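Shown next, in structure tokens, is the structure this report addresses.
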Amino acid sequence: MPQDNVRVSSAWERVDDHVLKQFRTHSVANLGDALDRLNIADGGIAPIWKGAKAVGTALPVLTVAGDNKAVIAALEHIRPGDILVINAFGYDGRAIVGDNLAQRFAVHGAAGAVIDGFVRDAEIIEQLRVPVFARGLTPAGPFKNGPGTIGEAVAIGGVVVNPGDIVAADGDGVIVIPPHRAEGALRAVEEIVAREAALDAEVEALRDKAAR
């Protein structure tokens, strides 16, 4: 497939895996609180199967609505731990990703995909356990004409995502953490977790008291 109309950015830095491992231990809700409840994609982007979770570094892709030529081209640029972050303009008339592409994401080492658009083959993708987050489902397949971009900033769910940003996604939704805020976010989320544990202990004490 000719790729002359898919623009590819130069290489960018990715955060170390040990940083990603720390983020994997926290929920998107707590991370959102740690980032002052900013950088959270709107609630229209959700997991297409229950229990899907992913943390990785952003590989941004911009497509034409209903077209996935740039997504296919992005396969060559996936590095282990990447999450494809695809701006498909929220278009509901065509699926940008199906089970075959989801499998290829996983084979190339991607941690998952976040798509501001629609997908298909949800049951198969769930069986494959590939974390995919999108606006919804449609059986209609995409065109493959382009144009598009790979490795340039995109917007998904009202949030700007730069190449190499940390992306965390779970059942509550999607958050984007710029690398320069990673250390501060991890410190803040640890405090939030400790505070919530104390509040839970208070509730448990009240429950025990009421049961006497």
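Summary of computed values
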item: Lone unmet requirement of (1) closer than 17 Å to Leu31 by Cβ; (2) open to solvent by 20 Å² or more (accessible area, probe 1.4 Å); (3) touching a helix residue (DSSP H, G or I) at 6+ places or on another chain (Cβ under 8 Å) for Ile124; result: (1)
item: Test: Ala210 is over 22 Å from Lys53 (Cα atoms) and either touching a residue at least 24 places away in the same chain (Cβ under 8 Å) or open to solvent by 60 Å² or more (accessible area, probe 1.4 Å) (or both); result: yes
item: Boolean, Gly32 is exposed (fewer than 14 other Cβ atoms within 10 Å of the Cβ) and of a type outside the set (S, T, N, Q); result: no
item: Helices (runs of 4 or more DSSP H) wholly inside region 1-82 that include at least 2 residues being closer than 30 Å to Val189 by Cα; result: 17-24, 28-34
item: Failed item, numbered, when Arg135 is tested on (1) farther than 27 Å from Leu59 by Cβ; (2) open to solvent by 30 Å² or more (accessible area, probe 1.4 Å); result: (1)
item: Among the candidates Ala73, Ala110, residue that is under 28 Å from Thr138 (Cβ atoms), over 18 Å from the mean Cα position of the chain (by Cα) and of a type in the set (Gly, Ala, Ser); result: Ala73
item: Qualifying residue in region 140-156 (condition: of a type outside the set (Ser, Thr, Tyr) and more than 23 Å from Asn5 (Cβ to Cβ)); result: no
item: Every residue from region 43-76 that is open to solvent by less than 20 Å² (accessible area, probe 1.4 Å) and acidic (Asp, Glu); result: Asp67
item: Test for Val97: is it β-branched (Val, Ile, Thr) and either touching a residue at least 40 places away in the same chain (Cβ under 8 Å) or open to solvent by 70 Å² or more (accessible area, probe 1.4 Å) (or both); result: no
item: Residues satisfying the stated conditions in region 83-93, i.e. part of a strand (DSSP E or B) and open to solvent by less than 10 Å² (accessible area, probe 1.4 Å); result: Ile83, Leu84, Val85, Ile86
item: Residue selected from region 125-150 under the condition in contact with a Gly (Cβ under 9 Å, 6 or more places away or on another chain) and of a type in the set (Gly, Ala, Ser), by the criterion nearest to Pro178 (Cα to Cα); result: Ala134
item: Of all residues in region 1-28 being of a type in the set (Gly, Ala, Ser) and open to solvent by 50 Å² or more (accessible area, probe 1.4 Å), the one that is farthest from the chain's Cα centre (by Cα); result: Ser10
item: Failed item in (1) more than 20 Å from Asp42 (Cβ to Cβ); (2) open to solvent by less than 60 Å² (accessible area, probe 1.4 Å); (3) more than 14 Å from the chain's Cα centre (by Cα), with Pro163 passing the rest; result: (3)
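The values are calculated or read from the model by the stated rules, or taken from the named source; none is laboratory data. Since the structure is predicted, the reported quantities are computational estimates derived from the model, not experimental observations. Because the Cβ atoms are built from the backbone with ideal geometry, glycine has one as well, and the counts that use them run over all protein chains shown. Note: areas computed on protein heavy atoms with side chains; ligands, DNA, RNA excluded. Shrake-Rupley method; radii C 1.70, N 1.55, O 1.52, S 1.80 Å.
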